[in-house]
Each structure stands twice: as C-alpha cells, then as structure tokens.
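Step one of this worksheet: look at the structure below.
The values are calculated or read from the model by the stated rules, or taken from the named source; none is laboratory data. Predicted, not measured: the structure shown is a model, and the values here were computed from it. Counting neighbours? That spans all protein chains shown, and the Cβs are built from the backbone with ideal geometry, glycine included. These area figures cover heavy atoms from the full protein model, side chains too; ligands, DNA and RNA do not enter into them. Shrake-Rupley method; radii C 1.70, N 1.55, O 1.52, S 1.80 Å.
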Amino acid sequence: RPRALSGIQPTAGSFHLGNYLGAVRQYVALQETHDAFYMVVDLHAITVPQDPAELRANTRLAAAQLLAAGLDPQRCTLFVQSHVPEHAQLAWVMNCITGFGEASRMTQFKDKSAKQGTDRATVGLFTYPVLQVADILLYQADSVPVGEDQRQHVELTRDLAERFNTRFGPTFTVPAPHIVKEVAKIYDLQDPTIKMSKSASTPKGLINLLDEPKATAKKIRSAVTDTGSEIVFDTAAKPGVSNLLTVYSTLTGATIAELEQKYEGKGYGALKTDLADVVVDFVTPFRARTQEYLDDPETLDSILAGGAEKARTVAGETLAQTYDRVGFLPAK
Ligand code: AQP
C-alpha cells in the first residue's frame with residue numbers, strides 16, 4: 001500500500017469547515033487505500049505563542065475531532081507529533097540542507113510574519129516548513145492530503161528529498177501533494193475572495209464545526225452572495241454562491257449541476273436556508289461524537305499512545321538511515 005501522511009494544528013480548538021472539507025475528509029478517504037499516518041502537530045503550534053494548558057487541552061480536542069470525523073485507529077495511525085522525537089531530529093538535518101533564501105520564499109511565512117511584525121515572528125515560524133518536510137519524509141509518504149495553501153510546502157519537501165537523495169544516496173520517497181481541486185480552497189462566508197481561516201476570517205465568515213449549530217445556521221443564512229439572483233457555479237463572477245455550492249455539493253454528494261437545476265428560478269435565500277440545514281445535519285453528530293471521545297480521555301490517550309508507538313517504529317528507521325547517510329558516528 002502507498003503511504004499517506006498529514007497533520008493538523010491543535011491551535012484554534014474547533015476545526016473549521018475549510019480544514020474539514022479541504023483536508024480531514026481526504027484523510028478519512030485515504031485510510032481505505034493507503035497506509036496512512038495522521039498527527040496533531042503540536043510542534044508546529046508553538047511557532048506562535050500558546051498557553052500551555054490550552055495547548056494540552058486542544059491537542060486532545062484535535063484528536064477527538066479527527067476520530068469524530070471518521071479516522072479509525074484500526075485503519076490508520078493517529079498520533080501526536082511531540083510523542084515522536086524523530087520529527088525534531090530529522091528537521092535539524094533538513095534545516096542544514098535548506099537554503100536561507102529558499103526558506104525565505106515560503107509565502108505562508110511571509111504572510112504570517114508580516115501580520116505579526118518581523119521582530120515578533122519566531123525563528124520557529126521561519127523554519128516550520130522544514131519541520132513539515134521532516135514530518136513527511138520520516139514516513140516515506142507517497143501522498144500528502146492538504147489544502148491548496150500547503151502546496152508550496154509539499155513542493156519544498158520534494159526539492160529537499162531529491163537534494164538529499166542526490167547528495168547522500170537514495171533515502172527518501174519523493175512525495176506528491178493530494179489536493180482535491182473542488183475543495184482545495186474553501187472561502188470566507190463574508191469575503192469569498194479570501195480563504196476561510198482561523199486567523200484571517202471574521203467571526204461571521206468562519207464556520208467552526210464545534211460552534212452551536214443554531215449560530216452556524218445563522219452564519220450560513222447571512223453569507224454574502226453576489227449580484228444578480230441566478231444560482232450558477234461561476235467562481236469569477238459569483239464567488240460567494242460558488243463557495244456555497246461547493247460546500248453543499250461536498251456535504252451531500254449532489255453534483256453542482258444537480259444543485260444548479262434544483263435551484264433554477266429560486267433565489268439565494270432558498271439555497272442558503274437549505275444549506276444551513278445541510279451543515280447543521282453534519283455538525284450536530286460531529287459535535288456529539290467529539291464530546292464522546294473527550295468524555296473518555298483514557299481511551300483517547302491510549303489510541304494516541306498506540307499511534308505514537310507505530311509511528312516511532314517507522315520514523316526511527318528513517319532517522320537511523322538518514323544519520324548513517326549523513327555520516328554521524330553511531331552511538332555504542
Ligand atoms: N480554507 C481552506 N480550504 C481548504 N483547506 C484548508 N485548510 C485550511 N484552511 C483551508 C487545510 O486544513 C489543513 C489543516 O490546516 P492547519 O492545521 O495548518 O491549519 P491552518 O492552515 O493553520 O488553518 P488556517 O485556518 O488556514 O490557519 P491560519 O489562519 O493560521 O493560516 C491543511 O491541510 C490546510 O491546507
């Protein structure tokens with residue numbers, strides 16, 4: 001079986017609809033076809049300041065949401081990044097073959113550091129794409145399910161894997177991004193020209209899966225739509241309506257063409273009212289399942305412990321081989 005690897009940050013508490021449709025849904029699908037490794041990336045989370053108690057709680061919360069979304073510990077390996085020390089260890093080696101200019105070109109760093117101010121942005125934030133490279137290469141992943149915003153980091157991973165393999169001999173699988181075009185970028189409900197994001201969205205534009213369903217329904221019903229009244233998928237002329245159709249189609253399985261037909265001659269209001277119901281029907285059981293996992297922290301922790309053990313076996317082997325290739329003297 002080919003390998004898949006991905007990670008999600010435990011920073012915001014609730015996952016948002018963009019995280020779910022762009023990434024987590026693909027995690028669930030790939031566990032059927034791949035030897036899949038998924039992790040809660042707490043090492044990435046501390047690239048910006050975190051409250052320690054909140055980080056710990058949010059790490060469990062992220063794992064509970066991944067399980068609630070459909071990850072099955074019998075069919076994939078689910079773990080917490082900091083439980084596998086090889087991530088930080090391989091990241092150091094990768095840092096040492098990454099150009100400073102190359103790292104400086106990462107657009108996520110440029111955006112995030114611009115927002116924080118260069119003095120406040122950390123070196124950790126700067127090298128976080130390289131940690132991500134290590135995350136992927138440790139598992140010899142073939143496929144990396146992510147949203148569009150992560151494409152550049154997977155490209156960096158490919159470049160560094162090839163560079164290392166050329167310099168030291170074949171060591172790493174060169175991975176490919178697994179980006180599902182239709183849902184690669186879910187947009188803010190109030191500003192459909194920017195991606196839905198925990199840091200950039202306005203509260204009204206962001207659908208958090210764990211929010212009160214009534215509040216969520218209200219946000220959908222007050223989503224910004226476009227001029228005119230026709231319900232057609234046209235991302236250039238009608239970005240708001242197109243975003244709603246994408247969400248609707250993905251959550252129900254109806255095709256965009258079917259939805260266009262269903263809403264022919266009806267107004268935006270009808271579409272939004274129905275979509276609000278669709279989203280509520282999705283988040284209601286999702287919230288309940290998440291809560292069930294949270295109510296049983298022993299089971300949750302033992303799933304994560306089992307995952308870390310499996311992950312360490314694979315990661316340890318890759319790290320040992322990498323250290324050998326680089327020329328580190330083995331410890332006796
Ligand atoms: N709007 C989105 N559409 C599609 N996919 C998205 N992802 C995030 N936003 C969208 C994908 O979700 C996965 C997990 O992302 P993360 O843990 O790195 O979270 P993030 O990127 O920090 O989420 P945000 O909300 O985008 O955070 P900020 O605002 O801090 O940048 C990834 O695969 C990501 O592509």
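List of remarks:
- Anisotropy class of segment 246-329 from Cα gyration tensor, a/c 1.5 cut: oblate
- Near-label residues of segment 226-249 by backbone N, under 19 Å of a point 7 Å along Cα→Cβ of Glu32: 249
- Among 21-27, 85-91, 118-124, the peptide with the highest mean count of other Cβ atoms within 10 Å heads the list, and the full ranking is 21-27, 85-91, 118-124.
- When the charge dipole of the chain is built from unit charges on Cβ atoms (+1 for Lys and Arg, -1 for Asp and Glu) and taken about the Cα centre, the candidate among Thr157, Ala305, Ala53 whose Cα reaches farthest toward its positive end is Thr157.
- Amide H to amide H distances under 5 Å link Asp234 with Ser242, where only residues 5 or more positions off or on other chains count and H is placed in the peptide plane.
- Accessible-area composition of segment 61-191, carbon plus sulfur, in percent [1.4 Å probe]: 53
- Gyration tensor verdict on segment 189-240 (Cα atoms; rounded if a/c is under 1.5, prolate if a/b is larger than b/c, oblate otherwise): oblate
- Rounded, prolate or oblate (a/c below 1.5 giving rounded, otherwise prolate when a/b exceeds b/c) for the chain by Cα gyration tensor: prolate
- Extension gain from Asp324 to Asp234, taking 0.36 nm per residue of separation minus the Cα-Cα distance: 27.1 nm
- Sorted peptide list for 176-185, 135-144, criterion being average Cβ within 10 angstrom, highest first: 135-144, 176-185
- Figure legend: label point modelled 7 angstrom from the Cα of Ala215 along Cα→Cβ; no residues of segment 152-194 have amide N under 14 Å from it.
- Relative contact order of segment 1-159: 33 percent, from C-alpha pairs under 8 Å at least 6 residues apart in sequence.
- At full extension, Glu317 and Arg105 could sit 73.2 nm farther apart than now, given 0.36 nm per residue minus the alpha carbon distance.
- Once backbone amide H atoms are built at 1.01 Å from N, Thr77 has Ala36, Phe37, Tyr38 as its partners under 5 Å, excluding neighbours fewer than 5 places away on the same chain.
- Radius of gyration, Dmax [segment 92-232; alpha carbons; angstrom]: 18.9, 60
- Taken along its three principal axes, the alpha carbon spread of segment 50-153 comes to 42, 32, 27 Å, from the longest extent down to the shortest.
- Inter-probe distance in nm under a simple model that places probes 7 Å from Cα toward Cβ, at Asp296 and Asp226: 4.6
- Residues considered: Lys195, Lys310, Lys262. Largest GNM mean-square fluctuation over the chain, using C-alpha springs under 10 Å, is found at Lys262.
- Backbone phi angles across segment 276-281, fed through the Karplus curve with coefficients 6.51, -1.76 and 1.60 (θ = phi - 60°), yield HN-Hα couplings of 4, 5, 4, 5, 4, 5 Hz in residue order; Gly and Pro are listed as x.
- Straight-distance crosslink candidates among lysines, where the alpha carbon sits under 28 Å from Lys214 and sequence neighbours closer than 8 are dropped: Lys185, Lys195, Lys198, Lys204, Lys238, Lys262, Lys266, Lys272
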